[in-house]
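Written below as structure tokens is the structure these notes are about.
The values are calculated or read from the model by the stated rules, or taken from the named source; none is laboratory data. All values reported here derive from a predicted model rather than from experimental measurement. Please note that ligands, DNA and RNA were not included when accessible areas were found on the heavy atoms of the full protein model with its side chains. Shrake-Rupley method; radii C 1.70, N 1.55, O 1.52, S 1.80 Å.
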Amino acid sequence: MKTFTVLQRTFLIALALLLANFSVSGQDAPKAAEPTIKWSGYVGAYYAWDNDKGANPRQFSFIAPNREEFGLDIAMLSFEYAADKVRAKATIQYGDVVRGWSGISTDALLNRGNIQEAYAGFRLGQGFWVDAGFFLTHVGTEGFFPKDNFLSTLATTTLYEPFGQAGVRFTYEFSNKLTGQLNLLNGFSTFASDQPSNESPRAQAFGIQLTYKLSDNAKVVYDNVIGEVNAGANFRTYHNLYFSVTSGNLEFNVGGDFATQNKTPTAGESATYLSGLAEARYGLSDLVRVMGRVEYFNDEKNVLGSGNLQLAGFTGGFDLRPAENGFIRLEGRYLQGLDDAKRFNGASSKSRLEVVVTTGVSF
């Protein structure tokens with residue numbers, strides 16, 4: 001698309017200037033450090049119940065997708081290599097979340113669902129890195145996995161954000177407070193190209209992330225993805241902004257998403273999308289924490305292909321931490337449709353109640 005070509009050229013010119021500025025001069029190069037190799041892992045299990053009574057996997061449930069059975073959410077293993085001027089990371093995964101992950105890739109012949117992340121990187125200057133490969137998304141207020149979030153279930157807005165992405169990532173530390181990132185990508189939430197023919201147009205996108213540390217305990221982050229959802233059509237701009245703060249035993253996040261698209265999947269007109277969440281977690285003791293989240297999702301014009309979904313919800317729960325690297329978590333979630341559609345319990349209800357128990361250990 002002409003619009004994207006102009007944006008793409010602009011960012012490539014900016015990138016060339018950065019390369020000239022930092023990699024050629026090589027100023028302020030740090031003292032070489034000994035290479036390190038480390039590995040880490042995480043295993044999480046779950047049991048879920050809801051009154052929806054539809055088929056598995058459950059609607060709007062990336063985590064704990066199967067109803068009334070014990071399941072393995074994810075078993076993942078990461079390997080990282082770090083040296084003075086090079087680095088690399090690879091993460092493999094297995095479990096029920098892989099089913100959702102596999103659906104993100106448009107190339108069914110290459111089963112990329114078991115690869116969560118895999119990239120290689122080079123340092124071009126002080127605080128300036130370039131990485132290439134498969135990445136977790138840079139967009140969103142929440143992460144994907146229970147170990148990284150206040151709650152195990154994901155807000156609806158998180159489910160419709162980009163998941164995995166492939167491309168080249170440039171990261172630069174402007175100061176000890178501000179970090180910037182530029183991503184050149186294979187389209188919106190895409191690992192592989194959606195056009196196998198070399199003569200066909202390819203979906204393309206770019207995204208940025210700016211992280212500013214207000215203090216040691218607070219930060220504000222803006223991120224986006226701008227580009228084609230599929231080759232030659234559906235040009236989308238997707239924006240996320242969130243604020244995070246920790247004060248003593250209290251942690252708090254608030255974030256919102258906004259998107260525009262030139263054509264929607266059903267109506268064919270330009271439209272916008274809006275969603276947001278606010279969540280808090282409080283440590284009653286070293287053993288017990290309580291948490292809550294409110295969420296709002298409005299894709300009335302079907303910008304994201306959600307079927308004109310409009311929802312609001314509340315989630316509350318607590319967890320026990322018998323060890324620093326492990327938890328047992330119980331939470332309840334209520335979702336309420338804001339439009340006339342009845343999406344739950346065989347299209348007979350506008351609401352759903354669910355209870356989810358999760359447990360996880362990092363190592």
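Which order do you get for E251, E269 if you rank them by accessible area with a 1.4 Å probe, largest at the top? Provide the component values of the computation, followed by the final result.
Numbers: E251 50, E269 75 Å².
Output order, biggest surface exposure first: E269, E251.
Largest first, what is the accessible-area ranking of W39, W49 with a 1.4 Å probe? Walk me through the intermediate numbers first.
Numbers: W39 155, W49 90 Å².
Ranked from most to least accessible, the order is W39, W49.
Just want to confirm a number: the relative contact order over segment 235-363, from Cα pairs under 8 angstrom separated by 6+ residues, in percent.
Values: 310 pairs, mean separation 20.1, N = 129.
Worked out over segment 235-363, it gives 16 percent.
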Check: Of the cross-linked pairs K53/K219; K38/K147; K89/K263; K38/K177, which ones have a Cα-Cα span greater than 29 Å in the structure shown?
Finding: K53/K219; K89/K263
Next item on the list: Identify all aspartates and glutamates with a Cα-Cα distance to K85 below 19 Å; exclude those on the same chain that are fewer than 8 residues away in sequence.
Entry: D28, E34, D131, E173
Next item on the list: With a/c under 1.5 counting as rounded, go ahead and sort segment 246-363 into rounded, prolate or oblate using the C-alpha gyration tensor (a ≥ b ≥ c being the square roots of the eigenvalues; past the cut-off, prolate if a/b is larger than b/c, else oblate).
Entry: prolate
